Amino acid sequence: MFVRTESFKQFLKFYPIISVIIAIHIILFSMIHLPIFPGRAIFESLVGVNFLITEGEYWRLVTPIFVHIAFAHLLFNSFSLILFGPALEKALGKLMFIVVYLACGIGANIATLLVHPPNYSHIGASGAIFGLFGVYLAVILFKKEYMPIQGKQVILPIAVISIVMTFFTSNVNIAGHIFGLISGLLIGRILLHFRPIRFR
């Protein structure tokens, strides 16, 4: 379920939404860092800044989900998507996966807006990825028969470790991680009321 055996070409074909999200990560990262682009201006127009959001720049609730300034951050989040995204893209369908992913990321960013001071700024896909963990946890808690035992054995320790590491890693948006997870859990619970989310 979380083991990737596809070739690069197969992955692009089977999981186009995740492929596009990662491509956006790489494109924005390149535009910020390559000297041929106005990287500073691009970054400043996309980063989440709380007081700018309250002044009406609401796109900053969405754009930070796709922005990474450190290569390690980009690599970790993109790799997490490659591992944990495909099963959900397949189970939810392309459109619903987009809706869930963005809703979790936006939920994390709204929590960041409410919890942190006006001058706080934030970037990264972590809140949305924690939201995916939340959807998996919703299935385990409310419809455990929809997930194979192997899936539970992987996702539960990964989710727990990720939550614990959130509190022991510097420069982490704790509110974004935790409320991303909660957003995914709530969204997953609502979706399960209307449709099955089955994994194979």
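Read-outs: derived from the displayed coordinates by stated rules, not from any lab. Everything quoted here is computed from the prediction, not taken from an experiment. Cβ sites come from the backbone with ideal geometry, for glycine too, and all protein chains shown count toward neighbours.
For segment 51-200, give the magnitude of the charge dipole about the Cα centre (Cβ charges: +1 Lys/Arg, -1 Asp/Glu; no others), in debye to the nearest 20.
640
Quick one: which residues, 5 or more positions from G48 or on another chain, have an amide H under 5 Å from its amide H? H modelled 1.01 Å from N in the peptide plane, none for Pro or chain starts.
Amide H neighbours of G48: H122.
Would you mind getting me the FRET efficiency between S170 and K9? Use the beta-carbon distance for r and R0 = 35 Å, nearest 0.05.
Calculated value: 0.35.
Which of the chymotrypsin sites (Phe, Trp or Tyr not before Pro) found in segment 136-198 are in a DSSP loop and have at most 13 neighbouring Cβ atoms, other than their own, within 10 Å?
Filter output for segment 136-198: F167, F168.
Below 8 Å between Cα atoms, with a sequence gap of 6+, how large is the relative contact order for segment 83-200 in percent?
Across segment 83-200, relative contact order equals 40 percent.
Identify which of L186, L74, L34 has the largest mean-square fluctuation in a Gaussian network model of the chain, with springs joining Cα atoms closer than 10 Å.
Per the Cα network of the chain with a 10 Å cutoff, L34 tops the list.
Assign one of three labels to segment 1-116, namely rounded, prolate or oblate, based on the Cα gyration tensor with a ≥ b ≥ c the square roots of its eigenvalues; rounded applies when a/c is under 1.5, prolate when it is not and a/b is larger than b/c, and oblate otherwise.
Since a/c reaches 1.5 but b/c is at least a/b, the shape of segment 1-116 is classed as oblate.
Compute the relative contact order of segment 1-139 as a whole-number percentage, counting only Cα pairs closer than 8 Å that sit 6 or more residues apart in sequence.
It rounds to 32 percent for segment 1-139.
Shape call for segment 61-179 from the C-alpha gyration tensor, a ≥ b ≥ c root eigenvalues: rounded (a/c under 1.5), prolate (a/b greater than b/c) or oblate?
Cα axes put segment 61-179 in the prolate bin.
From the square roots a ≥ b ≥ c of the eigenvalues of the alpha-carbon gyration tensor of segment 49-94, which class results: rounded (a/c under 1.5), prolate (a/b over b/c), or oblate?
oblate
Nearest 0.05, what FRET efficiency do R195 and I163 give at R0 = 22 Å with Cβ-Cβ as r?
Efficiency at R0 = 22 Å is approximately 0.20.
Of the chain, which part is the longest with no GluC sites (Glu not before Pro) in a loop (DSSP not H, G, I, E, B) and with at most 16 other C-beta atoms within 10 angstrom?
58-200
How many lysine pairs in the chain, separated by 8 or more positions in sequence or lying on different chains, have Cα atoms less than 19 Å apart?
Number of lysine pairs found: 9.
With point charges of +1 on the Cβ of Lys and Arg and -1 on the Cβ of Asp and Glu, referenced to the Cα centre of the chain, which listed residue (I24, G184, T166) lies farthest in the positive direction of the dipole?
My answer, from the dipole projection, is G184.
Could you tell me which residue out of S45, L141, I106 lies farthest along the dipole of the chain toward its positive end? Charges go on the beta carbon: Lys and Arg +1, Asp and Glu -1, centred on the Cα centre.
Highest projection toward the positive end goes to L141.
For the pair Y58 and S30, how long in nm is the line joining their label points, each one 7 Å along Cα→Cβ?
Label at Y58, label at S30, 3.3 nm between them.
Taking the chain as a Gaussian network, Cα atoms linked when under 10 Å apart, which of F79, F71, F130 shows the biggest mean-square fluctuation?
F71
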